[in-house]
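A.B. asks: Input: one structure, supplied below.
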Amino acid sequence: MQYAAEFRNITKVFGPVEVLHGVSFGIPAGEVQALIGENGAGKSTLMKILGGYQPPTSGELLVGGQPVRFHSSRDAEAQGVVLIHQEFNLADDLTVAQNIFLGRELGGALLDDAAMNRAAEAALARLGVSLDPRLRVRGLSVPQKQLVEIAKALSRDARILIMDEPTAALTVRETEVLFDLIRKLRSEGVTILYISHKLEEVKALADTVTVLRDGAVVSTDPASALTPHEMANRMVGRELEDMFPDKGQAGAEELLHVEHLSVPGWAQDITFTLRAGEVLGFAGLVGAGRTELFEGLLGLRPHSVGQVRLSGKAVRLRSPGDAARAGLVYLSEDRKGKGLLVDFQLRPNLTLMTLEHYAHPLLDPRAEQQALKKAVGDYGIRSGRLDVAASALSGGNQQKLALARILEVNPQVIVLDEPTRGVDVGAKREIYLLIQRLAQSGKGVIVVSSELSELLGLCQRLLIVREGRLVGELGAGEMNEQEVIQYATGLKAAPLRETA
Ligand SMILES: Nc1ncnc2c1ncn2[C@@H]1O[C@H](COP(=O)(O)OP(=O)(O)OP(=O)(O)O)[C@@H](O)[C@H]1O
Ligand SMILES: [Mg+2]
């Protein structure tokens, strides 16, 4: 077998914790090889080793049959190995084009901006995206950042392309374009390593699947030999039960009432009610304005207008802090940009919103530490040590920490934007159970998700947003994929039952 790259007995130690325990496998040249495993299994760590971002503690890495020792991602790129990061690795203050060409600026000493912009535009067009290359990355949405990250890697002439959850933030259409491109690259002889928690995608795309559990290889098989369900079982090492808990019943008490909310450029005249015990879903295509609607509600978008009542009381929310004090919290879809302070340790990340609980009047670090230990247990946050920066957690575990952080304030209304993005199947189920428990205890939960199956499985009621307006409402007995898609794409529109 000709391997494009091969891991031989690779270990990786962070401080006192070994996270990779002698990993050995080869990546067949010219194939799409998937790497799957639970949050924290070591997938990204292994890929950063192959991409030159960090050295292994011991073991050997071969590229094209030759042992290599990379000291930087540049070394790896020189051998044709390029990594697309899971957590974006873009410079916020640079433009799209400057990011795509970072480190290899065109035009020598005098940068040729016009040429760079044209080349960047072409690189994006290849992905079926039209995006102004002169925009600063800071202002882009999460899916746009993802596409820039992919365009950046593709413009680097990779022979081995590593994609760490490239579709976590993409729409179905963007995913299809990306898959066509991956298949085309494969036909041109490029080897692709593909990490994803979307096992249906893995099944559709990969030639081979390697499963990693707790830092060790469990198995490598042809993708055709495994169903997504079998992949999931291998990842967690046991038979998984049903994904979704029973849907509860909403009570009568009104927790949140939003009336005539408009967010300039995004949402128009939105009116809805959330009741105690209810799990209410917001469906729609990516870009329909759901995230912006809630950002407007929380005072994060200027000039938003509308009336808001929380538990019957009229409130004006000027910031997420205001909202949290009034009993409404929001989990951002952009966990790195807006959710967590990734350079800070886990403890301040958990308690920053509730510091007053730990000050009597001086801060009590021991109580804080206690709270962190409890959160780690309650939410199943997997981390070798607790005294590390949030950036040291795996992607899915960062998501759990973000969730723990907003629930620390014991809110009545919880808005979760893409709560399971980047989360493995087992942990996903735990988050679903948590949502159900919150609703059963009388809280109201709103879920915004691009995974339709998640909304259908979890929510008692769905509101569908299209181009910034509510265009449909479906109760538990009426919701199915077909219906939602018809509303979301504009094939169907109905007056809302729910009015003021
Ligand atoms: N710089 C670091 N310092 C300390 N621990 C780290 C560091 N980077 C990763 N780890 C730990 O290594 C383990 C593996 O993390 P990794 O990011 O490789 O997981 P993953 O398989 O990619 O998970 P996910 O599906 O959540 O992305 C985790 O326990 C993580 O906390
Ligand atoms: Mg990862």
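A.B. asks: Test each condition in (1) within 23 Å of the chain's Cα centre (by Cα); (2) more than 16 Å from ligand 2 (Cβ to nearest atom) for F7 and report the one that comes out false.
C.D. replies: It fails just one condition, (1).
A.B. asks: Consider the range 345-366. How many of its residues are exposed (fewer than 14 other Cβ atoms within 10 Å of the Cβ), more than 12 Å from A402 (Cα to Cα) and not acidic (D, E)?
C.D. replies: 8
A.B. asks: For the range 251-299, give me each residue that is of a type in the set (F, W, Y) and open to solvent by 10 Å² or more (accessible area, probe 1.4 Å).
C.D. replies: Here is the first cut: in the range 251-299, the ones of a type in the set (F, W, Y) are 266, 272, 282, 294.
Passing the criteria: only W266.
A.B. asks: Here is a further query. Restricting attention to the range 136-165, and to residues there that are in contact with a strand residue (DSSP E or B) (Cβ under 6 Å, 6 or more places away or on another chain) and part of a loop (DSSP other than H, G, I, E, B), which single residue is farthest from L199 (Cα to Cα)?
C.D. replies: R156
A.B. asks: Please enumerate the residues belonging to the range 24-48 that are among the aliphatic types (A, V, I, L, M) and either modelled with pLDDT under 95 or away from ligand 2 (no atom under 13 Å from the Cβ) (or both). Walk me through it before giving the result.
C.D. replies: Taking the range 24-48 as the starting set, the residues that turn out to be among the aliphatic types (A, V, I, L, M) are 27, 29, 32, 34-36, 41, 46-47.
Those that are among the aliphatic types (A, V, I, L, M) and either modelled with pLDDT under 95 or away from ligand 2 (no atom under 13 Å from the Cβ) (or both): I27, A29, V32, A34, A41.
A.B. asks: Among strands (runs of 3 or more DSSP E) lying entirely in the range 273-359, which contain 2 or more residues that are under 30 Å from G490 (Cβ atoms)? Talk me through it step by step, then tell me what you get.
C.D. replies: Working: elements: 279-283, 305-310, 313-315, 328-331.
Result: 279-283, 305-310, 328-331.
A.B. asks: Just a yes or no: is a residue in the range 222-230 on the phi < 0 side of the Ramachandran plot and either in contact with a Ser or Thr (Cβ under 8 Å, 6 or more places away or on another chain) or in the same structural domain as L438 (by TED's automatic domain parsing) (or both)?
C.D. replies: Residues of the range 222-230 on the phi < 0 side of the Ramachandran plot: 222-230.
Among the residues that remain, those that are also either in contact with a Ser or Thr (Cβ under 8 Å, 6 or more places away or on another chain) or in the same structural domain as L438 (by TED's automatic domain parsing) (or both) are: 222-223.
Within the range 222-230 (the criterion being on the phi < 0 side of the Ramachandran plot and either in contact with a Ser or Thr (Cβ under 8 Å, 6 or more places away or on another chain) or in the same structural domain as L438 (by TED's automatic domain parsing) (or both)), the answer is yes, since at least one residue qualifies.
A.B. asks: Could you identify the single residue in G51, G64 that is away from ligand 1 (no atom under 16 Å from the Cβ), surrounded by 14 or more Cβ atoms within 10 Å (Cβ to Cβ) and not aromatic (F, W, Y)?
C.D. replies: Numbers: G51 fails: away from ligand 1 (no atom under 16 Å from the Cβ).
Of the residues listed, the single one that is away from ligand 1 (no atom under 16 Å from the Cβ), surrounded by 14 or more Cβ atoms within 10 Å (Cβ to Cβ) and not aromatic (F, W, Y) is G64.
A.B. asks: How many residues does the range 145-168 hold that are more than 19 Å from A97 (Cα to Cα), more than 14 Å from ligand 1 (Cβ to nearest atom) and open to solvent by less than 10 Å² (accessible area, probe 1.4 Å)?
C.D. replies: Residues of the range 145-168 more than 19 Å from A97 (Cα to Cα): 159-168.
Those still in the list that are more than 14 Å from ligand 1 (Cβ to nearest atom) too: 159-161.
Filter once more, keeping what is open to solvent by less than 10 Å² (accessible area, probe 1.4 Å): 160-161.
Qualifying residue count, the range 145-168: 2.
A.B. asks: Here is a follow-up. When you scan the range 414-435, how many residues do you find that are assigned to a helix (DSSP H, G or I) and more than 16 Å from ligand 1 (Cβ to nearest atom)? Before you say what the answer is, go through the steps one by one.
C.D. replies: Start the filter on the range 414-435 by keeping residues that are assigned to a helix (DSSP H, G or I), which leaves 425-435.
So of that shortlist, the ones also more than 16 Å from ligand 1 (Cβ to nearest atom) come out as 432-435.
Summing the residues that are assigned to a helix (DSSP H, G or I) and more than 16 Å from ligand 1 (Cβ to nearest atom) in the range 414-435 gives 4.
A.B. asks: Can I ask one more? For the range 440-500, which strands (runs of 3 or more DSSP E) that fit wholly inside it have 1 or more residues that are in contact with a Leu (Cβ under 9 Å, 6 or more places away or on another chain), open to solvent by 30 Å² or more (accessible area, probe 1.4 Å) and modelled with pLDDT of 85 or more?
C.D. replies: Values: elements: 444-448, 461-466, 469-475.
Of the strands (runs of 3 or more DSSP E) lying wholly inside the range 440-500, those with at least 1 residues that are in contact with a Leu (Cβ under 9 Å, 6 or more places away or on another chain), open to solvent by 30 Å² or more (accessible area, probe 1.4 Å) and modelled with pLDDT of 85 or more span 461-466.
A.B. asks: Anything in the range 375-398 that is open to solvent by 50 Å² or more (accessible area, probe 1.4 Å) and within 8 Å of ligand 1 (Cβ to nearest atom)? List them, or say none.
C.D. replies: Listed by number, the residues that qualify are R382, G384, R385, S391, A392.
A.B. asks: If I ask for residues that are of a type in the set (F, W, Y) and within 13 Å of L462 (Cα to Cα), which ones from the range 275-301 would you list? Outline the logic, then answer.
C.D. replies: First, pick out the residues of the range 275-301 that are of a type in the set (F, W, Y): 282, 294.
Passing the criteria: only F282.
A.B. asks: Sticking with this one: Quick check on V315: is it open to solvent by less than 40 Å² (accessible area, probe 1.4 Å) and touching a Leu at 6+ places or on another chain (Cβ under 8 Å)?
C.D. replies: no
A.B. asks: Check the range 199-210 and report whether any residue there is open to solvent by less than 50 Å² (accessible area, probe 1.4 Å), more than 16 Å from ligand 2 (Cβ to nearest atom), over 21 Å from the mean Cα position of the chain (by Cα) and modelled with pLDDT under 95.
C.D. replies: Looking through the range 199-210, none of the residues is open to solvent by less than 50 Å² (accessible area, probe 1.4 Å), more than 16 Å from ligand 2 (Cβ to nearest atom), over 21 Å from the mean Cα position of the chain (by Cα) and modelled with pLDDT under 95.
A.B. asks: Of the conditions (1) closer than 23 Å to L102 by Cβ; (2) at pLDDT 95 or above; (3) open to solvent by 60 Å² or more (accessible area, probe 1.4 Å), Q79 clears all except one; give me its number.
C.D. replies: (2)
A.B. asks: A follow-up question, please. When P411 is evaluated against the numbered criteria (1) modelled with pLDDT of 85 or more; (2) closer than 23 Å to D214 by Cα; (3) in contact with a Gly (Cβ under 6 Å, 6 or more places away or on another chain); (4) not in a helix (DSSP H, G or I), which criterion, by number, is the only one it fails?
C.D. replies: Of (1) modelled with pLDDT of 85 or more; (2) closer than 23 Å to D214 by Cα; (3) in contact with a Gly (Cβ under 6 Å, 6 or more places away or on another chain); (4) not in a helix (DSSP H, G or I), only one is false for P411: (2).
The values are calculated or read from the model by the stated rules, or taken from the named source; none is laboratory data. Please read these numbers as outputs of a predicted model, since none were measured by experiment. All Cβ positions, glycine included, derive from the backbone under ideal geometry; neighbour counts span all protein chains shown. Heavy atoms of the whole protein, side chains included, go into the accessibility calculation; ligands, DNA and RNA do not. Shrake-Rupley method; radii C 1.70, N 1.55, O 1.52, S 1.80 Å.
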